[in-house]
Amino acid sequence: MFNRFHYDYCQRIAETWYAIFQELDINQYKTICELSPWWAPKVEIPLTQLGYAWKVILLDKQQSFLDELEENLSVFQPDFEIVKKGENILESIDIRADILIWNHIIDDLILDYYCELEKIDVNDLYNDGNKFVSIRDSIQDDLSLIEDIADNLVDKFDSIINEEWYLLLAQYPGETEKNFGLDISIKMCKEIVENIKNRLLDSWFVEDKEIKKRAYEKLKTYFFESDDLLVLKKQA
Ligand SMILES: C[S@@+](CC[C@H](N)C(=O)[O-])C[C@H]1O[C@@H](n2cnc3c(N)ncnc32)[C@H](O)[C@@H]1O
């Protein structure tokens, strides 16, 4: 049930995305894809507010989250078409988009991947702080697992994004990491994003710092720092 608390949480993040979308002149892009959005329309609320009227593809491993997100968003009466894909981003997917957005998923993705390998129910971890911390410790030592995920994502981003368009990736320290004091986990996520970024820059992508600069100049407050946002453009 989308209550006031959920709305406020989404809205705080949505304001930052709103400024970024404005600078991108978002209405010119025919297809936008958000990966792993959960039930929270943090990215879709600002699209609605900006009158976006093309297509938004939502991909999440858990179909029920997508249904919930669509219902939560319906209050805002979006003009865009919603395409829901209940799929695993690490498996084979068939999507093309002009803008690919991911908002804070690397930590959840790693946890999910590890739990699937070890046959652990990921939902148990979110309810048990001690288990959560011990699993995080095991993951940090498993560098090959992290390499595998980074390899997979570099290929995925390259295949999803249409030429001349954008990857918008925000990875900031999450509430769970802050609450459990998981500084090492925050550092690990940053390193993975850096790894992905460098490899994309070695292929067809270039960094666009101007869009970020203009958006953050307008923002009085923001949910994530400019340094936590990566804007990459795929070359023709
Ligand atoms: C706890 S949420 C947080 C991330 C969300 N983007 C946000 O900013 O609030 C994590 C989401 O990642 C999804 N997820 C985890 N592993 C995934 C995978 N391998 N493929 C697609 N979605 C995945 C989960 O189903 C969940 O919706």
Quick check on this structure: which one of ILE82, ILE101 is within 27 Å of LEU232 (Cα to Cα) and in contact (Cβ under 8 Å) with a residue 40 or more places away in the chain? ILE101
If a residue must be under 19 Å from the mean Cα position of the chain (by Cα), within 16 Å of PHE157 (Cα to Cα) and either free of Cβ contacts under 8 Å to residues at least 24 places away in the same chain or in a helix (DSSP H, G or I) (or both), how many such residues does region 202-236 contain? 0
Exactly one of these conditions fails for GLN63: (1) touching a helix residue (DSSP H, G or I) at 6+ places or on another chain (Cβ under 8 Å); (2) within 13 Å of the ligand (Cβ to nearest atom). Give me its number. (1)
State yes or no: is ALA170 at pLDDT 95 or above, aliphatic (A, V, I, L, M) and over 17 Å from the mean Cα position of the chain (by Cα)? no
Checked LEU109, LEU100 against criteria (within 25 Å of TRP165 (Cβ to Cβ), within 14 Å of the ligand (Cβ to nearest atom), in contact with a strand residue (DSSP E or B) (Cβ under 7 Å, 6 or more places away or on another chain) and not acidic (Asp, Glu)); the one match is LEU100
Determine which single condition TYR126 fails, assuming it passes every other condition in (1) aromatic (Phe, Trp, Tyr); (2) in contact with a strand residue (DSSP E or B) (Cβ under 8 Å, 6 or more places away or on another chain); (3) near the ligand (Cβ under 10 Å from one of its atoms). (2)
Apart from one, (1) farther than 19 Å from LEU167 by Cα; (2) modelled with pLDDT of 95 or more; (3) among the polar types (S, T, N, Q) all hold for ASN123; the odd one out is (2)
Do we find that GLY86 is within 13 Å of the ligand (Cβ to nearest atom) and of a type outside the set (A, V, I, L, M, F, W, C) in this structure? yes
Restricted to region 1-28, and to residues that are among the aromatic types (Phe, Trp, Tyr) and surrounded by 23 or more Cβ atoms within 10 Å (Cβ to Cβ), which residue is farthest from the ligand (Cβ to nearest atom)? PHE21
Of everything in region 81-96, what is at pLDDT 95 or above, over 16 Å from the mean Cα position of the chain (by Cα) and of a type outside the set (D, E, K, R)? Give them in sequence order. ILE82, VAL83
If you go through region 29-55, how many residues are under 22 Å from ARG12 (Cα atoms) and either within 9 Å of the ligand (Cβ to nearest atom) or more than 14 Å from the chain's Cα centre (by Cα) (or both)? 17
If I ask for residues that are at pLDDT 95 or above and among the hydrophobic types (A, V, I, L, M, F, W, C), which ones from region 206-222 would you list? VAL206, ILE211, ALA215
Considering only strands (runs of 3 or more DSSP E) fully contained in region 1-115, which possess at least 3 residues that are touching a Cys at 6+ places or on another chain (Cβ under 9 Å)? 55-59, 97-103
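The values are calculated or read from the model by the stated rules, or taken from the named source; none is laboratory data. Nothing here was measured: the structure is a model prediction, and the numbers come from that model. Virtual Cβ from ideal backbone geometry, glycine too; neighbours counted across all protein chains shown.
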